[in-house]
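As structure tokens, the structure follows; a few thoughts come after it.
The values are calculated or read from the model by the stated rules, or taken from the named source; none is laboratory data. Everything numeric here is computed off the predicted structure, so don't read it as measured data. Heads up, the Cβs are rebuilt from the backbone with ideal geometry, glycines too, and the neighbour counts pull from every protein chain shown.
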């Protein structure tokens, strides 16, 4: 898929997530931008779609995926952690910059960052986590281990199989 088609696909997926929420619900996105002839800023696309539907940013955090001073040709050395709501409360304050932690797969989000997000969701009274880009299943495994129901959607069959088998001990 070319980059413009990917943007349309990605924005539509984010919009569907926002539209599925109740007024006091929360949408959290753990998202890594890409480098492709400049930045592919998925965090911006998500924020843009949320604002168009009346959501405001509860928090935006940075999860470091590599040591400070390192570079990568294809990805930034950080990932975005974004949380949105229409009428939900802010809740506990999270650190602005964290170490993402161990990854369960090369391109997975770090376990420590996922734990912070799932803890935040649980403290807001959320009982179910839906991950529309579940990849290797880190978020699903953490949510399940913390006693939450978790549902994931992933287009790649290989990742679905990995996700089913993934166990994380907190």
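In segment 76-92, the count of residues that are surrounded by 15 or more Cβ atoms within 10 Å (Cβ to Cβ) and at positive phi is one or more.
Scanning segment 11-25 turns up no residue that is under 29 Å from residue 102 (Cα atoms) and more than 16 Å from the chain's Cα centre (by Cα).
Among the residues making up segment 139-160, those that are surrounded by 13 or more Cβ atoms within 10 Å (Cβ to Cβ) and assigned to a helix (DSSP H, G or I) are 139, 140, 141, 142, 143, 144, 145, 159, 160. Out of the residues in segment 8-25 that are touching a strand residue (DSSP E or B) at 6+ places or on another chain (Cβ under 8 Å) and in a helix (DSSP H, G or I), which is surrounded by the most Cβ atoms within 10 Å (Cβ to Cβ)? Per the criteria, the residue is 14. For the structure I just gave you, tell me whether residue 121 is free of Cβ contacts under 8 Å to residues at least 40 places away in the same chain and surrounded by 19 or more Cβ atoms within 10 Å (Cβ to Cβ). In short, no. For segment 100-118, a residue qualifies if it is in contact with a helix residue (DSSP H, G or I) (Cβ under 6 Å, 6 or more places away or on another chain), touching a residue at least 60 places away in the same chain (Cβ under 8 Å) and outside any loop (DSSP other than H, G, I, E, B), and exactly one does: 114.
If you check residue 51 against the conditions, is it under 26 Å from residue 166 (Cα atoms) and either surrounded by fewer than 18 Cβ atoms within 10 Å (Cβ to Cβ) or modelled with pLDDT of 90 or more (or both)?
Working: under 26 Å from residue 166 (Cα atoms): no; either surrounded by fewer than 18 Cβ atoms within 10 Å (Cβ to Cβ) or modelled with pLDDT of 90 or more (or both): yes.
Spelling it out, it is not the case that residue 51 is under 26 Å from residue 166 (Cα atoms) and either surrounded by fewer than 18 Cβ atoms within 10 Å (Cβ to Cβ) or modelled with pLDDT of 90 or more (or both).
For segment 26-57, the set of residues classified as over 21 Å from residue 92 (Cα atoms) and in a loop (DSSP other than H, G, I, E, B) consists of 32, 33, 36, 37, 38, 41, 53, 54, listed by residue number. Taken over segment 15-30, the residue count meeting the criterion of being over 21 Å from residue 124 (Cα atoms) and either in contact with a helix residue (DSSP H, G or I) (Cβ under 9 Å, 6 or more places away or on another chain) or without any contact (Cβ under 8 Å) to a residue 24 or more places away in the chain (or both) is 1.
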